[in-house]
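The values are calculated or read from the model by the stated rules, or taken from the named source; none is laboratory data. Here the structure is a predicted model, which means the values were calculated and not measured. Note that we place each Cβ from the backbone using ideal geometry, even for glycine, and neighbour counts take in every protein chain shown.
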Amino acid sequence: MVGTLIPILGDQLSPDISSLSDADPADTVVLMMEVAEETGYVRHHKAKLAYVLSAMRHHADRLRDLGWRVDYIRLDDPDNSGSFTGEVARAVERHSPDRIIVTEAGEWRVAAMLGAWDTRFEAEVDIRPDTRFLASHAEFDEWAEGRKQLRMEFFYREMRRKTGLLMDGDKPAGGEWNYDKQNRKAPPSGTLDMPRPIRFQPDDITREVLDLVAARFADHPGSLDHFHFAVSHEEAMRQKRNFLDHALPCFGDYQDAMLTGEPFLWHSLLSPYLNSGLLDPLDLCRDVAERYAQGKVPLNAAEGFIRQIIGWREYVRGIYWREGPDYGDRNFLNATRDLPAFYWTGETDMHCLAQSIGQTLDHGYAHHIQRLMITGNFALLIGADPAQVHRWYLEIYADAYEWVELPNTLGMSQFGDGGLLASKPYASSGSYIDRMSDYCEACRYDVKQRTGADACPFNALYWDFLARNQDRLGDNRRLAMPYRSWEKMDADVKRSLRASARAFLDRLDAGGEPT
Ligand code: FAD
Ligand code: DLZ
Ligand code: SF4
């Protein structure tokens with residue numbers, strides 16, 4: 001018999017999680033469960049599986065060191081029922097708790113399971129808010145209520161005021177709220193003094209997990225050969241310090257840049273740790289603000305970084321919960337094409353895609369602009385089914401959880417919600433990619449050509465996308481300029497652009513290498 005049972009889910013790996021806040025370790029059992037339902041709801045990248053399972057096992061040890069009694073159910077336990085509810089049922093049998101306390105789930109699918117525990121179990125069930133986020137669901141809804149457009153920028157300002165981060169009294173530090181205009185520098189050329197992320201060596205726990213994943217999930221995408229993740233709070237803190245010391249100063253300048261053979265650039269690589277609980281988002285933002293106050297990093301870097309966390313990250317979570325469980329079914333552009341097979345192999349002559357997908361398969365990582373303007377942009381231009389695109393992003397990135405992945409993919413990247421999240425589709429021709437990367441230099445296609453066998457496919461696809469969707473997008477004010485350019489083009493040029501796009505899409509649909 002025990003007073004309280006506290007299930008800790010795999011993305012709740014913090015000793016400060018709300019479910020533990022007032023429990024008595026002497027009268028509590030903490031339950032952690034590796035279950036087939038979670039390892040199999042999509043075909044997670046192998047490295048993501050290894051990261052999650054190893055981080056869970058390390059966290060169980062951390063909780064034990066802090067004095068908690070932890071029941072840990074391993075995936076290969078012969079009695080493992082395979083689901084959260086099944087494992088809670090078995091734990092209830094073992095411990096007969098009076099109450100079950102759990103922090104709310106991070107996604108609708110699991111929230112529905114937790115919501116059914118109240119009727120399923122005799123014990124009282126207490127589902128608590130996840131206090132790792134700045135804005136509660138009610139607070140986000142209050143902010144959103146009655147607004148015609150839910151723009152991140154205005155929500156972000158509220159979060160700046162709420163936290164006091166980079167504020168001089170009630171004014172933003174430096175006089176402006178947002179320094180994004182300074183954060184679009186092209187990649188530097190010549191010898192690069194690039195920060196290097198720490199490659200964490202697997203310990204015994206991680207090695208065991210790597211073997212388990214290799215044996216059990218051999219048919220999942222991605223590689224384990226480059227596994228480098230931090231798997232404990234201490235290791236995640238080391239990567240955080242590495243980022244603050246070496247990458248943050250240039251984070252702003254090169255936030256949107258892309259370089260061949262350089263997957264990480266000046267990015268933090270902290271998203272898996274923030275999303276699963278090894279690092280606290282607000283602590284991280286305070287560290288960044290302190291570096292700025294000490295004069296160690298410029299304002300455009302500090303503001304740009306803090307905006308990603310207290311702005312974008314909080315905002316997409318708010319949208320996810322506000323829009324409800326059917327958000328993922330939206331398809332404003334009525335896009336139905338299958339995602340090409342090369343998304344799972346990286347084998348394509350389009351160098352920008354080969355690079356972005358290749359590093360994703362190696363590391364379970366691509367930075368924001370690769371996700372938005374390479375893989376996302378291409379899927380948007382070819383009219384890929386947003387549900388398939390969503391599934392790909394959810395399985396392929398080590399930081400992917402539906403609450404953050406779905407609004408970014410369906411809303412921001414694929415315009416599937418018709419502009420709730422983004423004021424215009426993030427569609428571009430090859431020229432944007434050429435400006436922000438060195439990819440085109442090494443590509444078999446010519447980014448300057450619009451039609452013909454050697455023309456960059458993004459160019460004709462871009463105009464075809466606009467023409468194809470004119471009835472849905474033609475009155476979008478932010479697309480007025482490209483639509484004016486389209487209208488001014490010669491009929492012959494228009495015809496040849498659309499024919500080029502058509503020929504490319506036909507080859508894609510035939511399943512052939514799109515060359
Ligand atoms: P940095 O560039 O160092 O940024 C710092 C932090 O800011 C990130 O760690 C992350 O926590 C936060 N952040 C930055 N941009 C966003 C954003 N748009 N939304 C939410 N948080 C943000 N992020 C995820 O954490 N999980 C996902 O599943 C995910 N899916 C995405 C899908 C698409 C189509 C796109 C366009 C973006 C997606 N993002 C996702 C956002 C972003 O790409 C990643 O957070 C970022 O690339 C992670 O790398 P980093 O830690 O080096 O980030
Ligand atoms: C992502 C993931 C995976 C792959 N496996 C597990 C697991 O075996 N046990 C677990 O508790 N959590 C896992 N997770 C994370 C969960 O999917 C995540 O906690 C829920 O989606 C929260 O809504
Ligand atoms: Fe990508 Fe086109 Fe540049 Fe090739 S030329 S790298 S396909 S944008």
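Structural remarks
- Of all the residues in segment 452-505, those that are among the small types (Gly, Ala, Ser), in a loop (DSSP other than H, G, I, E, B) and closer than 20 Å to Asn334 by Cα number 1.
- Counted residues, segment 44-81 - those being within 21 Å of Val92 (Cβ to Cβ) and of a type in the set (Ser, Thr, Tyr): 2
- Of residues in segment 241-289 being among the aromatic types (Phe, Trp, Tyr) and farther than 25 Å from Asp130 by Cβ, the one farthest from ligand 2 (Cβ to nearest atom): Tyr254
- Close contacts from segment 33-51, counting a first residue that is over 20 Å from Leu274 (Cα atoms) and a second that is within 15 Å of ligand 1 (Cβ to nearest atom) and acidic (Asp, Glu), with Cβ to Cβ under 8 Å and a gap of 6+ residues or different chains, come to Val42/Glu395; Arg43/Glu395.
- Qualifying residue in segment 190-200 (condition: closer than 24 Å to Gly346 by Cα and small (Gly, Ala, Ser)): no
- Taking the conditions (1) basic (Lys, Arg); (2) outside any loop (DSSP other than H, G, I, E, B); (3) within 23 Å of Ala501 (Cα to Cα) in turn, Arg391 satisfies each one other than (3).
- Taken over segment 129-169, the residue count meeting the criterion of being closer than 12 Å to Gly311 by Cβ and not charged (D, E, K, R) is 10.
- Annotation: of all residues in segment 447-506 being closer than 17 Å to Arg337 by Cβ and of a type in the set (Lys, Arg), the one that is farthest from ligand 3 (Cβ to nearest atom) is Arg472.
- Within segment 464-483, the set of residues being without any contact (Cβ under 8 Å) to a residue 24 or more places away in the chain and farther than 20 Å from Thr451 by Cα comprises Gln470, Asp471, Gly474, Asp475, Arg477, Ala480, Met481.
- Breaking point among (1) within 27 Å of Arg391 (Cβ to Cβ); (2) within 16 Å of ligand 1 (Cβ to nearest atom); (3) surrounded by 20 or more Cβ atoms within 10 Å (Cβ to Cβ), for Ser54: (2)
- If you go through segment 380-400 and keep only what is within 16 Å of ligand 2 (Cβ to nearest atom) and among the small types (Gly, Ala, Ser), you end up with Ala398, Ala400.
- All helices (runs of 4 or more DSSP H) inside segment 117-188 with 2 or more residues being exposed (fewer than 14 other Cβ atoms within 10 Å of the Cβ), in the same structural domain as Ala89 (by TED's automatic domain parsing) and in contact (Cβ under 8 Å) with a residue 40 or more places away in the chain: none
- Residues of segment 361-388 satisfying the condition of being assigned to a helix (DSSP H, G or I) and within 7 Å of ligand 1 (Cβ to nearest atom): His368, Arg371, Leu372, Gly376
- Taking first residues from segment 288-300 that are in contact (Cβ under 8 Å) with a residue 40 or more places away in the chain and partners that are buried (at least 17 other Cβ atoms within 10 Å of the Cβ) and among the hydroxyl-bearing types (Ser, Thr, Tyr), the Cβ contacts under 9 Å between residues at least 6 apart in sequence or on separate chains come to Pro298/Tyr179; Pro298/Tyr292; Leu299/Tyr179; Leu299/Tyr292; Asn300/Tyr179.
- Exclusive hit being more than 16 Å from ligand 1 (Cβ to nearest atom) and in contact (Cβ under 8 Å) with a residue 24 or more places away in the chain, set Leu210, Leu284: Leu210
- Here Ser14 fulfils each of the conditions (1) in a loop (DSSP other than H, G, I, E, B); (2) more than 16 Å from ligand 1 (Cβ to nearest atom) apart from (2).
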